[in-house]
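None of the figures in this text is laboratory data; all of them are computed from the coordinates on show. Model, not experiment: these values are computed from the prediction. Quick reminder, even Gly has a Cβ in these numbers, built from the backbone with ideal geometry, and neighbours come from all protein chains shown.
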Amino acid sequence: MVFLDNVTRGGQTWAHRMRMLRQVLRLMILGSIGAGLLFFGLKMHKEKGENFQAAYYYMRATLPLASDKIQVDSKFWCAVSRQCYQSEKVAVKRQTLIEICRVRALLLLDRGKANLKESGYVSIAAFVFFLLFFAVRGLLTRQKKHLQGVRFERPWKVRLKMACLLKKSDMKIGAVPLIKNSETKHMLICGTTGAGKTNALRQLMIQIRRRGDRAIIVDTTGDFV
């Protein structure tokens, strides 16, 4: 039973740690991707609207089933070709549209690739930032900080103080002796799973037998049978 308890306790701890690790990694990955996409969007937002329209019409004109003449926006056509019309739409020859829009479309593509590369660097930097931030937060969390109340002393200090006050009992829990003549008083042993409550009680039983005394245990789980 002790072996199975250790397996259960270790498995639960490991599984919980893996779940927490997956949550943190998911947060870091999503945060870094979001930072990269935000940077990419801000960079591409600075591009001229005519370049995006030129890329759109260039893709339409280069399609295999594109017609010989394509309807384009007159304002866009006026901006890129200096040929202005009063109507909203202008019919432009396919080859002419390709020649005029190619430069702007390729320029937009090159800038998009460059911005995408920079966005990758931003995502990596954001991931490293999250990694360092969580690591520092973890170190700060593990540091012991006394807020209020009585401080816990080291075991050797407790033993020395009890010996000086002649209150040191021959029975002990771990490395700390009990207070003399307090063995028959009420004692609370509490802790989480795996803290060692049962082991502490077993140690007390061994010392009680060694002294020649007796102990009565109400065993509701059957661990001491």
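The P(r) of segment 155-211 has a tail past 14 Å containing 59 percent of all C-alpha pairs. Assuming a ≥ b ≥ c are the square roots of the Cα gyration tensor eigenvalues, decide whether segment 178-225 counts as rounded (a/c under 1.5), prolate (otherwise, with a/b larger than b/c) or oblate. Because a/c hits 1.5 or more and a/b fails to exceed b/c, segment 178-225 counts as oblate. Within the straight-line cut-off of under 20 Å between alpha carbons, the lysines reachable from Lys93 are Lys69, Lys75, sequence neighbours fewer than 8 places apart in one chain being disregarded.
The residue among Leu97, Leu131, Tyr121 whose Cα reaches farthest toward the positive pole of the charge dipole of segment 11-140, with charges on the beta-carbon of Lys, Arg, Asp and Glu, is Leu131. Cα convex hull, the chain: 258 Å³ per residue, rounded to a whole number. Shown here are the Rg and Dmax of the Cα trace of segment 11-140, at 23.5, 76 Å. Per-residue Karplus couplings for segment 185-195, computed as 6.51 cos²θ - 1.76 cosθ + 1.60 with θ equal to phi - 60°, are listed in order as 8, 5, 9, 9, 10, 10, x, 6, 4, x, 6 Hz, Gly and Pro entered as x. From the alpha carbon centroid of segment 126-156 to that of segment 180-200 is 28 Å. Taking a Cβ cut-off of under 13 Å around Lys117, the surrounding Lys, Arg, Asp and Glu residues balance to a net charge of +1, with basic ones at +1 and acidic ones at -1.
Relative to the Cα centre, the charge distribution of the chain, modelled as +1 at Lys and Arg Cβ and -1 at Asp and Glu Cβ, gives a dipole magnitude of about 1140 debye. How about segment 36-141: which GluC sites (Glu not before Pro) there lie in a loop by DSSP and see at most 10 other Cβ atoms within 10 Å? In loop regions of segment 36-141 (DSSP not H, G, I, E or B), the sparsely surrounded GluC sites (Glu not before Pro) are Glu88. Taking 26 Å as the straight-line reach from the Cα of Lys180, the lysines in range (excluding those fewer than 8 positions away in the same chain) are Lys157, Lys161, Lys167, Lys168, Lys172, Lys197.
For the chain, the relative contact order is 17 percent, taking Cα pairs closer than 8 Å that sit 6 or more residues apart in sequence and dividing their mean separation by the residue count. 3J(HN,Hα) along segment 55-68: 5, 5, 5, 5, 5, 5, 6, 8, 5, x, 9, 5, 6, 5 Hz, from the Karplus curve 6.51 cos²θ - 1.76 cosθ + 1.60 with θ = phi - 60°, whole Hz, x for Gly and Pro. Taking 0.36 nm per residue of separation and subtracting the Cα-Cα distance, full extension of the segment from Gln23 to Ala91 would add 19.0 nm. Positive contributions from Lys and Arg (+1) and negative ones from Asp and Glu (-1), summed over other residues with Cβ under 12 Å from the Cβ of Gly36, come out at +1. The sum of -39500 (n - 2.57) across all DSSP H runs of n ≥ 4, divided by the residue count of the chain, sets its helix-only mean residue ellipticity at 222 nm to -21500 deg cm²/dmol. Scanning the chain for cysteines with no neighbouring cysteine C-beta under 4.7 angstrom from their C-beta gives Cys101, Cys164, Cys190. The packing ranking of peptides 53-61, 204-212, 36-44, highest mean first, is 53-61, 36-44, 204-212, where packing means the average number of other beta carbon atoms within 10 angstrom of each residue.
Values of log10 I(q)/I(0) for segment 108-225 across q = 0.12 Å⁻¹ run -0.69, by the Debye formula with one identical scatterer at each alpha carbon and no solvent.
Counting only residues at least eight positions apart within a chain, or on another chain, the lysines with an alpha carbon under 17 Å from that of Lys113 are Lys43, Lys46, Lys48. Evaluating 6.51 cos²θ - 1.76 cosθ + 1.60 at θ = phi - 60° for every residue in segment 115-121, the Karplus couplings come out as 5, 5, 5, 5, 5, x, 5 Hz, glycine and proline recorded as x.
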